[in-house]
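Here is the structure we will look at, set down as structure tokens.
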Amino acid sequence: MLAQQASWDDIGDALVTERAFLTRFTAEQDVQTNEVQRAWGLLPGFLSIADGRPFDLLELGPSAGLNLVWDRYSYRYSTGQWGDGPLELAGADRLPPPPELLRRTVEVARRRGIDLSPVDATTEHGARLLQAFVWADQTERLERLRSAIEILRTDPPALLRGDYVESLPALLADRREGTQLVVFQTASTMYVDRSGIDKLRSALEEASRREPIVYLGTGRAPEDDGYSLDVERFPGGELTRLAVFDFHGEWLDWGR
Ligand SMILES: C[S@@+](CC[C@H](N)C(=O)[O-])C[C@H]1O[C@@H](n2cnc3c(N)ncnc32)[C@H](O)[C@@H]1O
């Protein structure tokens, strides 16, 4: 946020001279990260639910929407690669996804996200805000973030401001003919209380009476060492655990 005004090389000085700004900023601005590397954990999940129709994506709590453009990145696993985007995501696939999964292709017809406080990464302010939440010495993470921002800017997704618990029924009512509606989230529903989760599930159940809906999301892993990656199919809400991946997407245990 203090680009061209302060330097990490002289942080002691900056803490004094920029004291007023830093006091206000840290008091008023909640931490709001958008971790692109989580897309590396998500991708095999998307591929495993693809039914041949283009995806109509709806992300709950996308922050800046960097994981809403997951199909524009490329991915490396020990069993194969996927995509040809300019940003390559890779990690430690301790239990890798099956190679045949990585041969699937998907098309995205629409991307929508709803967040209490969406970050507009197409603006300089938004881009700086996202970078401000990454530790300054995590250079690889910062590079990945900057690269993803450039990719998002080529054709930004639609980000709505609002509470998805309240807005989900209306968003689900807006369907696109001939597409597969996929509702997904990472690291967001953990902020929602039990009654909110029940409301989300009811909205999915209700809307799926018209046409089935697939939900893909992170949950609590049994050993609490990362996120579980779960698929729930509505109507019915039958849950299948696909994987467990690191909270920041550094490792993946497919099929655990
Ligand atoms: C930890 S961030 C994760 C962002 C992104 N999904 C990721 O994995 O990088 C959680 C996001 O969920 C959003 N959020 C939490 N509860 C929400 C709600 N009820 N409605 C809309 N957005 C919500 C927050 O504003 C924040 O952007």
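The values are calculated or read from the model by the stated rules, or taken from the named source; none is laboratory data. Only a predicted model underlies this, so the values are computations on that prediction, with no experimental measurement involved. All Cβ positions, even for glycine, are placed from backbone atoms using ideal geometry, and neighbour counts span all protein chains on display.
Within the stretch 71-86, is even one residue closer than 21 Å to R241 by Cα and among the aromatic types (F, W, Y)? Looking for residues that are closer than 21 Å to R241 by Cα and among the aromatic types (F, W, Y), one finds at least one in the stretch 71-86, hence yes.
Under the condition of being part of a loop (DSSP other than H, G, I, E, B), more than 8 Å from the ligand (Cβ to nearest atom) and under 17 Å from the mean Cα position of the chain (by Cα), the residues counted in the stretch 32-63 number 1. Scan the stretch 84-109 residue by residue and report those that are small (G, A, S) and closer than 20 Å to W254 by Cα. Hits for the stretch 84-109 are A90, G91, A92.
When each of L142, L160, L130 is tested for being near the ligand (Cβ under 10 Å from one of its atoms), closer than 27 Å to F21 by Cα, modelled with pLDDT of 95 or more and among the aliphatic types (A, V, I, L, M), the lone residue that passes is L130.
Could you say whether any residue in the stretch 186-202 is small (G, A, S), within 14 Å of the ligand (Cβ to nearest atom), in a helix (DSSP H, G or I) and touching a residue at least 40 places away in the same chain (Cβ under 8 Å)? No - not one qualifying residue is present in the stretch 186-202. Kindly indicate whether D93 is in contact (Cβ under 8 Å) with a residue 12 or more places away in the chain and among the acidic types (D, E). Judged against the criteria, D93 is a match. The residue that is surrounded by the fewest Cβ atoms within 10 Å (Cβ to Cβ), counting only those in the stretch 60-86 that are in contact with a Ser or Thr (Cβ under 8 Å, 6 or more places away or on another chain) and more than 30 Å from D174 (Cβ to Cβ), is D84. Residues in the stretch 158-200 that are surrounded by 14 or more Cβ atoms within 10 Å (Cβ to Cβ) and among the hydroxyl-bearing types (S, T, Y): Y164, S167, T179, T186, S188, T189.
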